[in-house]
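Nothing in this text is a laboratory measurement; each read-out follows from the coordinates by a stated rule. Fair warning: this is a prediction, and the values are worked out from it, not measured in the lab. Note that we place each Cβ from the backbone using ideal geometry, even for glycine, and neighbour counts take in every protein chain shown.
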Amino acid sequence: MTPTRALLLALPTLLLAGGLAAQEDARGGSLVVTNARVAGHEGAVTIVVAGGKVRAVGRDARAPRGAPRLDAGGALVVPGRIDAWAGVSGADPLGRGVDGFDPHDRHALEDALSNGVTTVFLSPRGNGAGVLGAGSVVKLRPGAALKDVVVAEEAAVVTGVGELDAGPLARINAWGDLRRAFDAARRYRDAQADYDEALKKWAAEVGADAAPVDSRGGVAPVGSPSRAPTVAEPDPPRPRRRGPPRPEPAPTPPSAPQAQGAEPKKGERPRRPNPDRVAALLGRVLEGELPLRVRAQRAEDIVAALELAREQGVQHVIIEGGLEAHRVADLLAAREAKVVLGDPLPPGDRRARPPELAADLAGALQRRGVPFALGTGDLAASRFVELAAALAASRGLDRAAAEEAITARAADLLGLGDRLGRVAPGYDADLVILGRAPLATAPAAEVVIVDGHVAWRRAP
């Protein structure tokens, strides 16, 4: 019997004897994994987890007294796999990718976990063109509350120019729409800044407390902009009056001078701009708070995306898809853009020009110095992300780079490189105990740990 199979047979006893599930909940994901092999360490080591974080890794790591233990049986322990592009439906420009995520779909979650996937970037599909919404990052942990698995509700703004079968005119129109959306975002940001300044001035004049609505559509105290979006409470409904109702005053046009920064009358509270969710999201891109992800497959669309980013002064650009990214790899490297590769060939109209594919696409990007990660393009297909890495390695990509494309590099691309993708102190305890070599074409995960909790284990 192999050490790993012995681990699996002993695991139910360990769970009962150590009260692992109950203790994990009480300790917030505390666990000690012994007799583990970890890349970069010689021999068997101990991994100490507390509060959902890796606290120590080494042969002499001290385990807290009373912490539940799990013997890895000498198996290799690797970071949880990350799907850097998992498309979801049900989100729109007024929502986020997490809005299309069902945390109670245990079958789908366990399907991904069984292949070592612990984290996904939920990318809104929308209609494929325009501003598609805000992408979200979530952990996969069956039975956990949604609030406990959301890493970032808004991790990037996702845009697109249509599918592969979109004609040239449709794509030109899509780029025009995106430019106009950025122009509207700039006007909205300027109007919001004028409103905030006018509100501060009004508050000083009348001695009132001002709470300006920031550029994201949320409420923030004066002089202390909020980092998290909140929704302004609507005015309470007026009580019904007896007798004939009074005539309603004529509505004020949305483009009133005050909303455009004009000085209000003395003593009159300034009027805030009408909330615009899309403009607020793009405003965060312009400020460098969120990266811009552009779903573009063809070389000409990738070039157009980079040109749009240059025109608008966007600092962080991620190409989502990039089937023909090898054709413009030098430009991508020069612009310091990143690429997340997904489904090699999405369905499209056979009449459209077929994309020029490269068998060694990931390897070509690596050789040109283009940062990249791997995804699947669909949350339902997240279980195949390690297979995608194995295929990339079989076609010329360095195996270490292929491993990092679904762990450390993927975390860096998501802006979470200091938290995910590594088995090291200070990182989230997302661990996979392998029963076979990494990047194998068959399922390799035996036990999957998410935030220090055993989220899945293979049946003995």
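With a Förster radius of 45 Å applied to the beta-carbon distance between Ala380 and Glu197, the computed FRET efficiency rounds to 0.40. Compared with the direct C-alpha span, the chain from Ser394 to Ala204 gains 61.7 nm at full extension, assuming 0.36 nm per residue.
Remind me, relative contact order of the stretch 283-427 in percent, using alpha carbon pairs under 8 angstrom and six or more residues apart? This gives 17 percent for the stretch 283-427. In summary, the aspartates and glutamates within cross-link reach of Lys53, defined as a Cα separation below 17 angstrom excluding same-chain residues under 8 places away, comprise Glu24, Asp25, Asp148, Asp418, Asp428, Asp430, Asp451.
Among the trypsin sites (Lys or Arg not before Pro) in the stretch 265-331, those placed in a DSSP loop whose Cβ has at most 10 other Cβ atoms within 10 Å are Lys265, Lys266. The simple spin-label model puts a point 7 Å past each Cα toward its Cβ; for Glu289 and Arg436 those points are separated by 4.6 nm.
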